[in-house]
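Colleague: Please see the structure below; I have some questions.
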Amino acid sequence: MNRSLPPLSFLFLTLAAPGVAQDLFAEKIVPILEKNCLSCHSHTSGKMKGGLTLDSKSGWSEGGTHGPAIIPGDTQKSLLLKMVHWSDEDHRMPPKQKLADDEIAALETWIQSGAPDPRAAIAKAKPTADWWSLKPLTSPASAPPTPPGPLPANPIDRFVAARLAASNLTPSPPADPRSLVRRLFIDLTGLPPSPEDLQDFLTKSAASPAAAETTYNELVDRLLASPRHGERWARHWLDTIHFADTHGFEHDVHRPHAWRFRDYVIKAFNSDTPWPRFIQEQLAADAFFPAETNLTAALGFLGAGPFDASAEGTAPAAFEYVDRDDLVTQTMGAFVSTTANCARCHAHKFDPITQEDYFALQAVFAGTGKGNLSYDEDPATAAARTRWTAVLTTASTPGPTQAAQLLTPENEAVLTAWEKDGGGRESWDELIPGIYTSAFGSILTKLPDNSILSSGPRPDVEVYTISLTGKVKDITALRLDLLTDDSLPMKGPGRLDNGNMHLSEFEAQVFRATGAAPEKITFSQAAADFDQAGYAAPAMLDGDPKTSWAIHPSVGVPHHAILKLSAPLTKTG
């Protein structure tokens with residue numbers, strides 16, 4: 001069966017042969033890139049603006065801060081074409097003069113054909129300088145030289161003697177005993193010997209060469225063990241990190257506690273602290289050795305440099321960058337023996353520290369602040385303070401787990417000993433109710449144990465007013481006891497059906513004499529033996545009738561609350 005054919009349609013396909021596309025790249029694209037792009041986006045130029053390089057396929061496919069520059073086969077998503085079309089006012093490339101139309105068309109054709117690019121990635125130039133400070137220490141490959149004449153006892157002196165011989169120089173004669181002991185004292189302690197020390201050395205060393213050597217060695221050991229040795233040699237470290245007792249700059253404010261870091265360095269030298277530990281203590285003693293609070297002073301290293309107090313107040317953002325720059329400079333210079341702060345402003349082709357490295361280092365100190373820091377120099381005191389601060393925080397934060405957190409075996413032992421010792425000599429005196437009334441109909445009855453039982457009508461809101469008397473002299477707190485009774489729902493201590501109660505406000509006044517005006521008692525805090533979730537004892541003192549202290553679900557058992565006075569109430573007259 002014959003069927004009529006549909007209207008004839010024409011489909012045009014433009015296919016670029018691989019060889020044609022490669023020729024286009026070599027003849028057109030490479031000259032466009034070299035003329036307009038590679039001066040700012042290539043490894044060879046040393047400039048990689050926006051992190052983008054266009055001197056290799058991997059460069060433009062990985063892209064820079066905005067992502068891949070070219071998507072092969074997709075002219076709409078290729079950022080390079082958007083840039084050269086100047087379609088975005090903020091992103092025009094090249095920035096000075098737009099490419100010619102035929103150059104843009106060539107780039108479009110090349111990308112549409114798959115963007116073939118045979119160029120391989122160009123390796124980054126490696127530092128050519130011999131960075132001695134970054135090399136690990138190694139032993140000499142050969143034995144110390146053998147200079148002519150008597151060999152020095154110290155191998156280092158053999159190198160010196162060999163250089164002297166090579167230069168036709170002779171060493172100076174040995175120092176006389178008086179000069180020798182003076183040099184030793186000044187070198188190790190910075191102070192000359194006393195007349196007694198000098199005479200003692202001269203007398204003992206005059207007996208024989210062996211006695212002179214023994215006396216000298218003993219004196220060396222004595223001076224190394226002297227506190228003056230650390231004072232003498234600590235100054236070299238303090239000079240290295242530009243330590244000062246003042247801030248510097250035009251105001252040059254005094255640092256009254258800078259001496260603590262100075263004393264730490266002296267002690268570190270005298271105790272022969274190993275170098276790796278010396279570094280850790282100064283950079284992060286609080287992180288590496290948190291229990292050794294006596295090392296807190298070591299962190300003075302981070303604040304040893306100049307401090308522009310004026311800039312801190314007038315230009316805090318700029319101050320922070322400059323201050324962190326000083327920290328990077330000080331740290332790298334002291335511990336790595338190299339400068340890094342040049343890379344703050346520009347990347348160097350051959351420096352071992354790149355600009356990215358510099359700002360990564362600066363970020364390490366971004367959370368570092370400078371100022372006086374309180375600490376416990378005695379680690380035992382610091383540990384005790386940490387423990388009791390945690391206990392105080394827990395005691396001040398009511399919740400269902402509060403009792404379990406407070407009454408640990410360790411705390412129980414302390415509490416038991418405290419109670420056995422008389423509870424800190426505190427005592428509770430009973431106050432006897434005299435007059436007691438309810439505002440909205442509840443019936444109040446005084447029981448034989450002097451407690452007050454509420455019964456009868458049960459209004460939604462009730463106000464109890466009770467006058468109390470007793471033989472008390474000084475009052476620092478009031479204790480409110482809630483007792484159970486068989487007449488109460490669930491035995492109480494509240495009157496609600498579930499045995500609960502809500503005490504919203506507690507107020508107290510003192511009458512010092514008959515007819516005298518009452519004085520209002522103020523309270524600083526309230527705590528209870530049990531708090532219902534969301535209804536803690538401090539609510540009794542917040543002045544808000546919508547909040548309250550409650551004890552559900554711990555019903556059917558007595559409870560109490562203690563209200564601490566803001567100031568002791570002392571009886572007068």
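Colleague: Around residue 205, under 11 Å between beta carbons, what's the net of Lys plus Arg minus Asp minus Glu among the other residues?
Modeller: That sum, taken over residues with Cβ under 11 Å, equals -2.
Colleague: Something else: Hey, what number do you get for the chain at 222 nm if only DSSP H runs of n ≥ 4 count, each worth -39500 (n - 2.57), divided across all residues, to the nearest 500?
Modeller: -10500 deg cm²/dmol
Colleague: Using r as the Cβ-Cβ distance of residue 510 and residue 462, and R0 as 30 Å, what FRET efficiency do you calculate, to the nearest 0.05?
Modeller: Here the calculated transfer efficiency is 0.80.
Colleague: Contact order normalised by length for the range 315-382, with contacts defined as Cα pairs under 8 Å and 6 or more residues apart; what percent is it?
Modeller: 25
Colleague: While we're on this one: Put +1 on the Cβ of each Lys and Arg and -1 on the Cβ of each Asp and Glu in the chain; which of 561, 72, 234 then has its Cα farthest toward the positive end of the dipole?
Modeller: 72
Colleague: Can you give me the C-alpha center-to-center distance between the range 497-531 and the range 417-495, rounded to a whole angstrom?
Modeller: Cα centroid of the range 497-531 versus Cα centroid of the range 417-495: 11 Å apart.
Colleague: If you take the beta carbon distance between residue 418 and residue 156 as r and set R0 to 56 Å, what does 1/(1 + (r/R0)^6) give as a FRET efficiency, to the nearest 0.05?
Modeller: Rounded to the nearest 0.05, the efficiency is 0.30.
Colleague: Subtracting the Cα-Cα distance from 0.36 nm times the residue separation, let me have the gained length for residue 315 to residue 179 in nm, one decimal.
Modeller: 43.4 nm
Colleague: Is there a quick way to get the dipole size of the range 283-441? I mean about its Cα centre, with the Cβ of Lys and Arg at +1 and of Asp and Glu at -1; what is the value in debye to the nearest 20?
Modeller: 280
Colleague: Now, a different point. For the chain, what is the relative contact order in percent, using Cα pairs closer than 8 Å and at least 6 residues apart in sequence?
Modeller: It rounds to 7 percent for the chain.
Colleague: Step through the table entries 446/473; 49/77; 471/571; 49/96; 47/82; 446/520, compare each Cα-Cα distance with 18 Å, and write down the pairs that go over it.
Modeller: Beyond 18 Å: 446/473; 49/77; 47/82; 446/520.
Colleague: Using the crude model of +1 on Lys and Arg Cβ and -1 on Asp and Glu Cβ, and no other charge, please compute the dipole size for the range 146-291 relative to its Cα centre, in debye to 20.
Modeller: So the magnitude is around 260 debye.
Colleague: Would you calculate the separation in nanometres between label points at residue 286 and residue 101, each defined as 7 Å from the Cα along the Cα-to-beta-carbon direction?
Modeller: Each label point is offset 7 Å from its Cα along the Cβ direction, giving 6.7 nm.
Colleague: How large is the convex hull of the Cα atoms of the range 380-483 per residue, expressed in Å³ as a whole number?
Modeller: For the range 380-483, the hull spanned by Cα atoms encloses 175 Å³ per residue.
Colleague: Now a separate question. Can you give me the solvent accessible area of residue 474 with a 1.4 Å probe, rounded to the nearest 10 Å²?
Modeller: About 90 Å², rounded to the nearest 10.
Colleague: Here is a further query. With +1 on the Cβ of every Lys and Arg and -1 on the Cβ of every Asp and Glu, and nothing else charged, how large is the dipole of the range 336-428 about its Cα centre, in debye rounded to the nearest 20?
Modeller: 320
Colleague: Moving to a separate point now. Sort 292-299, 160-167 for me by packing, meaning the mean count of neighbouring Cβ atoms within 10 Å per residue, highest on top.
Modeller: 292-299, 160-167
Colleague: For the pair residue 186/residue 376, report the inter-label distance in nm, with labels modelled 7 Å from Cα in the Cβ direction.
Modeller: 4.8
Colleague: A follow-up question, please. For the chain, which whole percent of the accessible surface, found with a 1.4 angstrom probe, sits on carbon and sulfur atoms?
Modeller: Summing carbon and sulfur atoms, their accessible area is 58 percent of the total for the chain.
Colleague: Next up: For the ranges 169-177, 316-324, what's the packing order if you count other beta-carbon atoms within 10 Å of each residue, average per peptide, and put the highest first?
Modeller: Peptide ranking by packing, descending: 316-324, 169-177.
Colleague: Related question: Find which of 120, 86, 131 sits farthest along the positive direction of the dipole of the range 48-161, computed with +1 on the beta-carbon of Lys and Arg, -1 on that of Asp and Glu, about the Cα centre.
Modeller: Of the listed residues, the answer is 131.
Colleague: If you don't mind, there's one more thing I want to ask. Order the following by accessible area, largest value first: 275, 549. Probe radius 1.4 Å; ligands, DNA and RNA are ignored.
Modeller: The ordering from most to least exposed comes out as 275, 549.
Colleague: Which entry in (i) 1.02; (ii) 1.73; (iii) 1.17 matches Cα Rg over 2.2 N^0.38 Å derived from the coordinates of this structure?
Modeller: Among (i) 1.02; (ii) 1.73; (iii) 1.17, the one calculated here is (ii).
Colleague: 5 Å is the cut-off here: which amide hydrogens, built 1.01 Å from N in the peptide plane, fall below it relative to residue 529, excluding neighbours closer than 5 in sequence?
Modeller: Answer set, sorted by chain and number: 560.
Colleague: May I pose another question? Probe 1.4 Å, all protein chains in place: accessible area of residue 524 in Å², nearest 10?
Modeller: Only protein atoms counted, so the area is about 70 Å².
Colleague: Protein chains only, probe 1.4 Å: how do 463, 328, 336 rank by accessible area, largest first?
Modeller: 463, 336, 328
Colleague: From Cα pairs below 8 angstrom and at least 6 apart in sequence, can you work out the relative contact order of the range 184-334, rounded to a whole percent?
Modeller: 20
Colleague: Oh, and also: Go through 284, 442, 142 and say which Cα lies farthest out towards the positive end of the charge dipole of the chain; charges sit on Cβ, +1 for Lys and Arg, -1 for Asp and Glu.
Modeller: In the chain, that residue is 142.
Colleague: Which helices pass in the chain if a helix is a full DSSP H run, must span at least 20 angstrom along its long axis by Cα, and must have mean Kyte-Doolittle hydropathy not below 0.0?
Modeller: 379-395
Colleague: Also: Can you tell me the accessible area per residue over the range 434-523, all protein chains present, probe 1.4 angstrom, in square angstrom?
Modeller: 67
Colleague: Taking 0.36 nm per residue of sequence separation and subtracting the Cα-Cα distance, how much length would be gained by fully extending the chain between residue 89 and residue 345, in nm to one decimal?
Modeller: 89.4 nm
Colleague: Could you state how much accessible area residue 329 has, in square angstrom rounded to the nearest 10, with a 1.4 Å probe and all protein chains kept in place?
Modeller: Rounded to the nearest 10, the figure is 40 Å².
The values are calculated or read from the model by the stated rules, or taken from the named source; none is laboratory data. Not measured: the values here are computed from a predicted model. With ideal geometry, Cβ positions are generated from the backbone for all residues, glycine too; neighbour counts draw on all protein chains shown. With ligands, DNA and RNA removed, areas are computed over all heavy atoms of the protein, side chains included. Shrake-Rupley method; radii C 1.70, N 1.55, O 1.52, S 1.80 Å.
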